[in-house]
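**Q** Supplied in C-alpha cells, the structure appears directly below.
The values are calculated or read from the model by the stated rules, or taken from the named source; none is laboratory data. Model, not experiment: these values are computed from the prediction. Neighbour counts run over all protein chains shown; Cβ positions are idealised from the backbone, glycine included. To get the accessible areas, we keep the full protein, side chains included, count just its heavy atoms, and leave off ligands, DNA and RNA. Shrake-Rupley method; radii C 1.70, N 1.55, O 1.52, S 1.80 Å.
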Amino acid sequence: MKQQLLALCTSLGLLLTACSGTPAAPQAAQPAPSTSASEAPAAPTEKAEIMVSAAASLTDALNELKSTFEADNPGITVSYNFGSSGKLAQQIGQGAPSDVFLSASAKDMNGLEEKQLITKDTRQDFTQNELVLITGASSSVTIDSFEKLTDSSLKHIAVGEPETVPAGRYAKEVMDTLKISDNVKDRLVYGSDVRQVLTFVESGNAEVGIVYASDVLISKNVKILATAKSEWHQPIVYPGAVVAASEHADAAKTFLSYLTSDKGKEILKKYGFQ
C-alpha cells in the first residue's frame with residue numbers, strides 16, 4: 001500500500017509541474033556533420049539535343065560547324081533537318097519538333113513570325129548569297145547571261161519550285177524582271193530544293209540550272225555561266241531564329257550565337273557564303 005501511495009504521489013507531482021507552464025530545458029542541438037568543399041556534390045551538367053531545321057544550301061557548312069560546336073559545347077548535341085525553306089516552315093507550322101529554323105529567305109521566316117511560331121527577339125540575319133546560272137563542267141553550253149536563257153538549244157532549265165524553294169523564287173523574280181518567263185516556262189524542270197537542282201545539272205538531266213554561288217563550291221561537276229545582278233531579285237538573306245515551341249531554348253540560343261560568332265562566320269565564308 002505504501003508503494004502504491006508513493007507512486008500515486010509521484011504521478012500527481014509530475015502532472016502539476018506540466019500544468020504550471022514551466023518549460024522543459026531544451027536539448028542541445030546536434031551539430032551537422034561537416035562537409036569539406038571537395039566532398040560537395042558537383043552540379044550536374046545539363047544535356048540537350050537540339051534539332052536544327054535548315055535550308056538545303058547550308059548542308060555542307062553546317063555539317064562542319066556541328067563538329068566544332070559540339071566540341072566547344074560538350075553538353076549539347078545537334079541534329080539537322082535539311083530541306084527547302086518553305087517546306088521546313090510548313091513542318092514547323094504543323095508542329096514538327098524543331099529548336100532552330102535557318103531559312104534561305106526572309107519570306108518563310110516572316111510567315112512563322114506572323115504566327116508567333118518563332119521567338120522574335122532571337123531572329124537575326126546571319127549570312128547572304130548570290131544567284132548563279134550553271135552548266136555541267138564538260139558541257140558545250142556557252143551562253144554567258146541570264147538573258148540568253150531564251151536560246152532554243154536549251155531544252156531543260158532546272159530551277160527550284162518557286163512556292164517552296166527560295167532559290168526558285170529568286171530565279172522566277174530574275175526571269176520576270178528580264179521579261180523572259182513566258183519564253184522559258186515550258187522548259188523549266190523543278191527541283192524540290194536547291195541541291196536537287198544542282199543534281200539535275202550534274203547528271204546532265206538539265207543543260208543549265210539556277211542555284212546559289214555557295215552550291216557551286218561543293219561540286220566539281222558544274223561551272224558558272226553567269227551571276228544574276230542583285231537588283232533583279234529580292235536580297236538573298238538568311239535569317240535564323242529559335243522556334244517558339246523549343247524545349248531547349250537556351251541550347252538553341254547558344255547554337256544561334258555560335259553560328260554568328262567569328263568561328264561560325266569563318267565556316268560560312270569557307271563554303272561560299274557572304
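**Q** Considering only protein heavy atoms, what is the solvent-accessible area of K107 at a probe of 1.4 Å, reported in Å² to the nearest 10?
**A** 130
**Q** Could you tell me which GluC sites (Glu not before Pro) in the stretch 171-256 are loop residues by DSSP with no more than 15 other beta carbons within 10 angstrom of their beta carbon?
**A** On the way: sites: E173, E202, E207, E231, E247; in loops: E207, E247.
Here the sparse-neighbourhood loop sites are E247.
**Q** A further question follows. Suppose R0 equals 35 Å. What FRET efficiency, 1/(1 + (r/R0)^6) with r the Cβ-Cβ distance, do W232 and Q116 give to the nearest 0.05? Walk me through the intermediate numbers first.
**A** Values: r = 33 Å, r/R0 = 0.95.
Rounded to the nearest 0.05, the efficiency is 0.60.
**Q** Nearest 0.05, what FRET efficiency do T177 and T68 give at R0 = 30 Å with Cβ-Cβ as r? The partial results should precede the final answer.
**A** Working: r = 39 Å, r/R0 = 1.31.
Efficiency computed from Cβ-Cβ geometry: 0.15.
**Q** Zone of D151 (label point 7 Å along Cα→Cβ, backbone N under 12 Å): which residues in the stretch 208-228?
**A** Answer for the stretch 208-228: 208-209, 225-226.
**Q** Roughly speaking, what is the centre-to-centre gap between the stretch 161-235 and the stretch 92-118 when only Cα atoms are used, to the nearest Å?
**A** 24
**Q** Also, I was wondering about something else. When the solvent-accessible surface of protein heavy atoms is calculated with a 1.4 angstrom probe, in what order do T142, T260 fall, highest first?
**A** Values: T142 120, T260 35 Å².
These residues rank, largest area first, as T142, T260.
**Q** How much accessible surface does S103 have with a 1.4 Å probe, in Å² rounded to 10?
**A** My reading of the accessible area for S103 is about 0 Å².
**Q** In the structure displayed, which of K172/K263; K120/K253; K148/K269; K87/K148; K107/K148 lie more than 22 Å apart, Cα to Cα?
**A** K172/K263; K148/K269; K87/K148; K107/K148
**Q** Further, regarding this structure: Given the convex hull over the Cα atoms of the stretch 201-270, what projected area results after averaging over all orientations, in nm²?
**A** On the way: hull surface 29.5 nm².
Projected area, direction-averaged: 7.4 nm².
**Q** Taking the stretch 139-211, which trypsin sites (Lys or Arg not before Pro) meet the DSSP loop condition and have no more than 14 other C-beta atoms within 10 Å?
**A** Filter output for the stretch 139-211: K155, K179.
**Q** Can you pull the Rg over Rh of the stretch 129-271, Cα-only, Kirkwood? Show your work: numbers first, answer last.
**A** Working: Rg = 17.0 Å, Rh = 16.3 Å.
Using Cα coordinates only, the ratio equals 1.04.
**Q** Right, another one. State, to one decimal in nm, how far the label point of K253 lies from the label point of Q124, with both points 7 Å from Cα in the Cβ direction.
**A** The two pseudo-label positions are separated by 1.2 nm.
**Q** To continue, here is another question. I want to check the label-to-label distance for A96 and T142. Put each point 7 Å from Cα in the C-beta direction and report it in nm to one decimal.
**A** With each label placed 7 Å out from Cα toward Cβ, I get 4.5 nm.
**Q** Can you give the accessible area of S214 in Å² (nearest 10), computed on protein heavy atoms with a 1.4 Å probe?
**A** 0
**Q** Additional query: After finding the eigenvalues of the alpha carbon gyration tensor for the stretch 95-211, what semi-axes result from the square roots of 5 times each, listed largest first in whole Å? Can you show the working numbers first?
**A** Values: eigenvalues 195, 43, 30 Å².
Semi-axis lengths for the stretch 95-211 are 31, 15, 12 Å.
**Q** OK, next. Which far-off residues, 5 or more places away or on another chain, put their amide H under 5 Å from the one on F82, with H placed in the peptide plane?
**A** A54
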